[in-house]
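Asker: Quick one: structure below, then a few questions.
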Amino acid sequence: MKKQLFSLGLVAMAAITGTAQVTGTVSMGAGYANNKWYSLANGEVGTQPANNWDIALAATANPSNPLTAAALMNIKAGSLYEAAGIPVSKFDTLSTFNTSWTVTPLYNSDITWSDGAFNQASTGGSDYGYGSYNMSSHSIVANKIFVIKYTNGDFRKLYITLNTMAGTYTVVHDKLDNSDTHTLTPTISTYSTQNFLYIALNTNSVISREPASADWDLVFTQYTDNDLEYTVTGVLQNAGVKVAQVNGVSTATYVNHAAHTATSNINVIGYDWKNLGSDFVTWNITDSMVYFVQDKPGNIWKVVFTGFGGSSTGNFILSKQQLTAVGLADEQNVITKMAVYPNPANGNNVSLILSAEKNANASVSVIDLNGKVVSSENFEINAGLNQHALNTNLLNPGVYFIRLNVNGATATQKLIIQ
């Protein structure tokens, strides 16, 4: 039995440390209709209509988290402006849109997730853009009114407070004629595994759009180039993911990632790996450009973009190659490697293979593409090579995610049931 387990473990571990190049397509759809979240290890892990939200608020109130107090605006919905000179106490009196506000539209940063469009209105110090820090309540209290000019010409006004101690937001919003007043108070902890919670103001609803932050590396989306103040289509990286761009090298053979410094600027990949041809139809791909991506667990990948379909398809064609592999990152360094085997599988006799430095308690969940936990169980890990049978016998054919949790650290592998 030990010999069989050892052989199975070697096969499974080889599967996650291989260096073969894989080519695939990620599609946002015609007109860039969807956002796509992507894991370099597991492929697509989430898709949502790009226009089903208006604003996004950081899903954390922890002052040590750099995302805390970040507030984004969806450029697919409209444009954001500060109602300059009108205090929050005069919210009901604001009934007209001042065209002078359009001189200074507010955009999400294209460098960091922590500086959204609402944050751009900051005057510095304790002002976070949409509100000021209150020493007594430790909350960020609304101090500005904002107006959204939607792409269909409608307007909506709002203000935001972050209730730090309560772990909630208060979002008050209305039409300019005060005919549709609403107050939303989303609970932050409901979305704590994600970077942001999303709000559709016209339907007064809070939306869970993102996969868990631990499960994705890149998002295919449209965003604003802050230098050009122009909407572009490209790839942004998750918080905690680092990327190095290398020009003038062989896309087929160059793998010297150690010679380059990766940064956490979210637009390192961005959109400039392509350009529109002189016929204004064909997209050209920049020659000799390679990206080295350090994913959420710390693996290094080589990524090369080889094609782009433009707005007619929204297709991104890329190749990826895993150059280095690391184990599950946890404070006690328990797990060094993990794999699911066999994969693809017919649903029977699927195992989670683990190499552990020490004994520990763990949990494993099987999750479908809709984010529903199909099964979950706790088990013990022993030092050395471990084989744990997964509860997959009743799974329908499709794509699932196996999420391992050890000491609060997580790692995810995609499982295909045939």
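The values are calculated or read from the model by the stated rules, or taken from the named source; none is laboratory data. This one's a predicted model, so the numbers in the text were calculated from it and none came from an experiment. Methodologically, a virtual Cβ is constructed for each residue, glycine included, from the backbone with ideal geometry; neighbour enumeration extends over all protein chains shown.
Asker: Which strands (runs of 3 or more DSSP E) sit wholly inside the range 166-274 and have at least 3 residues that are over 23 Å from the mean Cα position of the chain (by Cα)?
Answerer: It comes to 168-174, 182-184.
Asker: Right, here's the next one. So which of F305, F292, F220, F316 is over 30 Å from T151 (Cβ atoms) and at pLDDT 95 or above? Can you show your working first?
Answerer: Details: F305 fails: over 30 Å from T151 (Cβ atoms); F220 fails: over 30 Å from T151 (Cβ atoms); F316 fails: over 30 Å from T151 (Cβ atoms).
Testing whether each residue is over 30 Å from T151 (Cβ atoms) and at pLDDT 95 or above leaves just F292.
Asker: Search the range 214-239 for residues being aliphatic (A, V, I, L, M) and touching a residue at least 12 places away in the same chain (Cβ under 8 Å), and hand back the single one that is farthest from T263 (Cα to Cα).
Answerer: Residues of the range 214-239 that are aliphatic (A, V, I, L, M), as a first pass: 214, 218-219, 228, 232, 235-236, 239.
Checking the rest, the ones that are also touching a residue at least 12 places away in the same chain (Cβ under 8 Å) come to 214, 218-219, 232, 235-236, 239.
On the way: A214: 18, L218: 14, V219: 17, V232: 21, V235: 15, L236: 12, A239: 11 Å.
Looking at the filtered set, the residue picked out is V232.
Asker: Sort out for me the strands (runs of 3 or more DSSP E) sitting completely within the range 106-164 that have 1 or more residues that are in contact with a His (Cβ under 9 Å, 6 or more places away or on another chain), among the basic types (K, R) and under 17 Å from H182 (Cα atoms).
Answerer: Details: elements: 131-133, 140-142, 146-150, 155-163.
Passing ranges, in order: 155-163.
Asker: Residue check: is A33 modelled with pLDDT of 95 or more, crowded, with 19+ Cβ neighbours inside 10 Å and under 25 Å from the mean Cα position of the chain (by Cα)?
Answerer: So A33 fails the test.
Asker: Can you name the residue in the range 65-80 that is over 16 Å from the mean Cα position of the chain (by Cα) and in a loop (DSSP other than H, G, I, E, B) and, of all such residues, is nearest to T224 (Cα to Cα)? Step through it out loud before you land on a result.
Answerer: Here is the first cut: in the range 65-80, the ones over 16 Å from the mean Cα position of the chain (by Cα) are 69, 75-80.
From what's left, in a loop (DSSP other than H, G, I, E, B): 69, 75-77.
Numbers: A69: 20, I75: 8, K76: 10, A77: 13 Å.
Out of the qualifying residues, it is I75.
Asker: Inspect the range 276-283 for any residue being surrounded by fewer than 19 Cβ atoms within 10 Å (Cβ to Cβ) and either of a type in the set (K, R) or in contact with a helix residue (DSSP H, G or I) (Cβ under 7 Å, 6 or more places away or on another chain) (or both) and give the result as yes or no.
Answerer: For the range 276-283, residues surrounded by fewer than 19 Cβ atoms within 10 Å (Cβ to Cβ) and either of a type in the set (K, R) or in contact with a helix residue (DSSP H, G or I) (Cβ under 7 Å, 6 or more places away or on another chain) (or both): present.
Asker: Condition first: touching a Gly at 6+ places or on another chain (Cβ under 8 Å) and at negative phi. Now tell me which residues in the range 235-271 satisfy that.
Answerer: V235, L236, S264, N267, I269, Y271
Asker: Among the residues of the range 67-118, count how many are under 28 Å from L218 (Cα atoms) and aliphatic (A, V, I, L, M).
Answerer: Number satisfying all stated conditions: 12.
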